[in-house]
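Take a look at the structure set out below.
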Amino acid sequence: MASEETFLNSIVYKNVPASDIERSFELESQGYPPEEAATLEKLEYRQKNAPTLFIGAYLPLTPSNISSNNNEYLIGFIVSTLTTLHSLTEESMSNHEPDGKTVCIHSVCIDKQYRRRGIATDLLKEYIKRLKNLYKYERIALISHKHLIPLYQKVGFIYKGESVIVHG
């Protein structure tokens, strides 16, 4: 338990720079079926247009993850855009409206080898804390597979029912 706690405490949360978009795309491709995964171009668009809504979980470099170009290695991320609407639509999930008050979470991805260790929960808590500190957003919305609903409820999301959006 102590080593797991030490591991979790070594994770650094920060905005994902453009240099880590390819790594983000790898994680996205691991985490979602091909018909649901964001393209590299969509991730680039989101990072360029909503960089403060693209937060990564980074580990310090070790011999096992030395392939990174930075001092840290991206093991997970959350990416969102904004909409002026109160609920999600196909259009609101495709565009970024800088004046929007609804945060649309598109992806919560954790590297396969680091899953089921509390990283997604901690990353979501950190993400929500950062959004609350900005005070300009009214709500955070997302679409989830049924088996992930408990994860999101654990960090404070409220299940509103089946989405009208068919994705993938």
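For Lys136, the aspartates and glutamates whose Cα comes closer than 14 Å to its Cα, not counting residues fewer than 8 places off in the same chain, are Glu97, Asp99.
Rank these by accessible area, largest first, 1.4 Å probe: Thr102, Thr52.
Final ranking, largest accessible area leading: Thr52, Thr102.
In plain terms, the chain from Lys14 to Lys101 could stretch by 29.1 nm, reckoned as 0.36 nm per residue minus the Cα-Cα distance. Tell me, what is the FRET efficiency for Lys146 and Arg117 to the nearest 0.05, using R0 = 22 angstrom and their Cβ-Cβ distance as r? Using R0 = 22 Å, I get an efficiency of 0.50.
Accessible surface of Glu41, taken over heavy atoms with a 1.4 Å probe and every protein chain present, rounds to 120 Å². When +1 charges are put on Lys and Arg Cβ atoms and -1 charges on Asp and Glu Cβ atoms, the dipole computed for the stretch 1-154 relative to its Cα centre reaches about 580 debye. For the cross-link pairs Lys129/Lys154; Lys101/Lys132; Lys14/Lys129; Lys129/Lys160, the ones whose C-alpha atoms lie over 20 Å apart are Lys129/Lys160.
The values are calculated or read from the model by the stated rules, or taken from the named source; none is laboratory data. All values reported here derive from a predicted model rather than from experimental measurement. Ideal geometry is used to build each Cβ from the backbone, glycine not excepted, and the neighbour counts take in all protein chains shown. Heavy atoms of the whole protein, side chains included, go into the accessibility calculation; ligands, DNA and RNA do not. Shrake-Rupley method; radii C 1.70, N 1.55, O 1.52, S 1.80 Å.
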